[in-house]
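The values are calculated or read from the model by the stated rules, or taken from the named source; none is laboratory data. Just so it is clear, the model here is predicted, and its values are computed rather than measured. Virtual Cβ from ideal backbone geometry, glycine too; neighbours counted across all protein chains shown. What goes into the accessible areas is simple: the full protein's heavy atoms, side chains included, and nothing from ligands, DNA or RNA. Shrake-Rupley method; radii C 1.70, N 1.55, O 1.52, S 1.80 Å.
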Amino acid sequence: MASKNFDMIVIGAGPGGYVAAIRGAQLGLKVAIVEREHMGGICLNWGCIPTKALLRSAEVFHLMERAKDFGLKAEGIGYDIDAVVKRSRGVAKQLSSGVAFLMKKNKVEVFMGEATLPAKGKVSVKGEKGVEELTAKNIVLATGARARELPGLEGDGKRVWTYKDALVPPHMPKKLLVIGSGAIGIEFASFYNTLGADTTVVEVMDRVLPVEDAEISAFAKKQFVKQGMTIMEKSTVKKLDRGADKVTAHIEVGGKVTTQDFDTVISAVGIVGNVENLGLEKLGVKIDRTHVVTDQYCQTGVDGLFAIGDIAGAPWLAHKASHEGVMVAELIAGGKPHPVKPESIAGCTYCHPQVASVGYTEAKAKELGYDVKVGRFPFIGNGKAIALGEPEGMVKTVFDAKTGELLGAHMVGAEVTELIQGYVVGRQLETTEAELMETVFPHPTLSEMMHESVLDAYDRVIHV
């Protein structure tokens, strides 16, 4: 069988893979992409996008319940969970077909099927038409990751759910247990809690949202508790007894195990890289705890083989994968791109209130030996936040006391996932506190708090 030859083959059509393919094609390379399931990958079909659609429904519902606060009348407020889910699936479908269109537009050849790498520079695709052999000097692994399943806590689609089940729920939970308080766990907890589920979150670390700045975690926790959530930190779910209509969870706190009954459990305890069945070990690819080991340019050490996105390790974020995809395509085409720096990538969590951050936490900056100046500004001091009826939140900025470099920015509150980009651009441009102080922020906007937080770090804050 004759093999088809390309300049670049991408394995996986998620936000890392499809972006790499587009950029490669733009640069004049002959590109193929292999995908076993959905164009757009987990992010578009079962991750970032459909969850945001669900959370938007919850946000609107929450606002409707508060109608009176805004001088409005809304009576007989309710929701139809099936219609909420249907909207979310529609949004995902629209974007997934958008990716298929982009492949066509950019003349990227799509192969649907399972890929293996039988030898260097070779990809074998097992699809509906049988096996097709492809060759290329450069191959990009963008196979992503899947939910980590802990023994005894595996999803069954009935009472114990993975994130996929939680996106198309077989029933509306009344009493819900969420295991894990990272972005995925806390977003689902927020969604179902807003729709009326009695929600408990169990986190093994000493605080919820453990990767965030400690102050931001504490603030968010206070809001979650106010909304009726039960938050259990330094706690472990030891085992689940599954019944027809309930699950009994054995939860260990401080060495003592107690049991509690729930009608639904969502397991969100991290992810593992999709590294199996590709033939990577045989090629000499180094794998560390389910992730491919790469250098700063996503090179695996095997000539012409790159790995991007979730399979190449933290941070596990779609925008990191996309950026790496562009960088790798430019490298393959003979360019000299800048490496992607993990600490310059913002993380966003779309719970209520939203959480967003970039750079180092205050604790991390100190641990790295920086002498820091820290500024804070509360939403309650901002005109736009009060007008929006969203006075709960804060902005925190961390500077290097010696140079004025912005080391990190951390926020919790309304729309902070959109605001964070201001600080991301600032860090990219290597800004110092002086430029940020001299920047004129428009009024009335939430972004003014970003200015005030900088001023506060240097004892020049105006509105508190």
Normalised by the number of residues in the chain, what is the relative contact order in percent for Cα pairs under 8 Å and 6+ residues apart?
14 percent
If you wrap a convex hull around the C-alpha atoms of the range 301-353 and split its volume per residue, what is the figure in Å³?
86 Å³
In whole angstrom, note down how far apart the Cα centers of the range 355-398 and the range 62-132 are.
33 Å
What is the range 346-391 by shape, rounded, prolate or oblate, if you read a ≥ b ≥ c off the alpha carbon gyration tensor as root eigenvalues and call it rounded for a/c under 1.5, prolate for a/b larger than b/c, and oblate otherwise?
oblate
Extended-chain gain in nm, criterion 0.36 nm per residue less alpha-carbon gap, Lys4 and Thr248
82.4 nm
Given axes a ≥ b ≥ c from the Cα gyration tensor, I'd like to know whether the range 145-254 is rounded (a/c under 1.5), prolate (a/b larger than b/c) or oblate.
prolate
Under 5 Å, built H, 5+ apart or other chain: amide partners of Ile345:
Gly359
Using θ = phi - 60° and the Karplus form 6.51 cos²θ - 1.76 cosθ + 1.60, what ³J(HN,Hα) does each residue of the range 116-123 get, whole Hz, x for Gly and Pro?
10, 10, x, 7, 4, x, 10, 10
How much accessible area per residue does the chain have, in Å², with a 1.4 Å probe?
47 Å²
Excluding ligands, DNA and RNA, the carbon-plus-sulfur percentage of the accessible area of the range 179-249 with a 1.4 Å probe reads 56 percent
By how many nm would the segment from Met437 to Gln260 lengthen if fully extended, with 0.36 nm per residue of separation less the alpha-carbon distance?
58.5 nm
Beta carbons within 10 angstrom, averaged per residue: use that to sort the peptides 393-405, 12-24, 100-112, 290-302, highest first.
12-24, 393-405, 290-302, 100-112
Cut-off under 5 Å, modelled amide H: who pairs with Val265 long-range
Val160, Trp161, Leu177
Given a 1.4 Å probe and the protein chains all in place, what does the accessible area of Arg159 round to, in Å² to the nearest 10?
50 Å²
Heavy-atom SASA rank of Trp316, Trp46, Trp161 (probe 1.4 Å, accessible area, largest first):
Trp316, Trp46, Trp161
Just the number, please: percent antiparallel of the DSSP beta bridges in the range 107-255, rounded to the nearest 5.
65 percent
Work out the FRET efficiency for Val131 and Lys104 from their Cβ-Cβ distance, taking R0 = 22 Å, and round it to the nearest 0.05.
0.40
What accessible surface, in Å², does a 1.4 Å probe find on Cys43, ignoring ligands, DNA and RNA and rounding to the nearest 10?
20 Å²
With the crude spin-label approximation of a point 7 Å out along Cα→Cβ, what separation in nm comes out for Asn277 versus Lys239?
3.1 nm
Once amide hydrogens are built 1.01 Å from N within the peptide plane, the residues lying 5 or more places from Ala401 or on another chain with amide H under 5 Å from its amide H are Asp371, Val372, Lys373
On the accessible surface of the range 291-371, probed at 1.4 Å, how many percent belong to carbon and sulfur atoms?
51 percent
